[in-house]
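One structure is given below, encoded as structure tokens.
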Amino acid sequence: MKIATSRERCIGAGICLFTAPDVFDQDDEALVVLIHENPPDSLRGDALTAASHCPSQAITVDGQ
Ligand code: SF4
């Protein structure tokens, strides 16, 4: 699994942070910060949920 985030697309909704706090964070501008580009299996489900719920499609996941 490889995760990528787009700060250009991010609108700072924070859903990813609340859904997968060990994978995503937000900076002072409330824009997404990727903590784990390749998260362990234990975080996979949370990361996929966050990607599917992001309102601006700012999270992409390869190799599910
Ligand atoms: S859920 Fe999407 S729009 Fe919201 S902070 Fe995360 S990446 Fe940005």
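The values are calculated or read from the model by the stated rules, or taken from the named source; none is laboratory data. As the structure is a prediction and not an experimental result, all values here were calculated from the model. Note: ideal-geometry Cβ built from the backbone for every residue, glycine included; neighbour counts use all protein chains shown. Remember, those area values only see protein heavy atoms, side chains included, never the ligands or the DNA or RNA. Shrake-Rupley method; radii C 1.70, N 1.55, O 1.52, S 1.80 Å.
Below, the figures for the structure above:
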item	result
Pairs with Cβ under 7 Å, 6+ apart, first in the stretch 36-64 and over 17 Å from Gly12 (Cα atoms) and touching a residue at least 60 places away in the same chain (Cβ under 8 Å), second of a type outside the set (S, T, N, Q) and away from the ligand (no atom under 12 Å from the Cβ)	Val61/Met1; Val61/Leu48; Asp62/Lys2; Gly63/Met1; Gly63/Lys2; Gln64/Met1; Gln64/Leu48
The stretch 1-16, subset within 6 Å of the ligand (Cβ to nearest atom) and either among the aliphatic types (A, V, I, L, M) or over 12 Å from Ser56 (Cβ atoms) (or both), residue surrounded by the most Cβ atoms within 10 Å (Cβ to Cβ)	Ile15
Given (1) near the ligand (Cβ under 10 Å from one of its atoms); (2) open to solvent by less than 30 Å² (accessible area, probe 1.4 Å); (3) touching a strand residue (DSSP E or B) at 6+ places or on another chain (Cβ under 7 Å), number of the condition Cys54 does not satisfy	(3)
Any chance His36 is open to solvent by 30 Å² or more (accessible area, probe 1.4 Å) and more than 11 Å from the ligand (Cβ to nearest atom)	yes
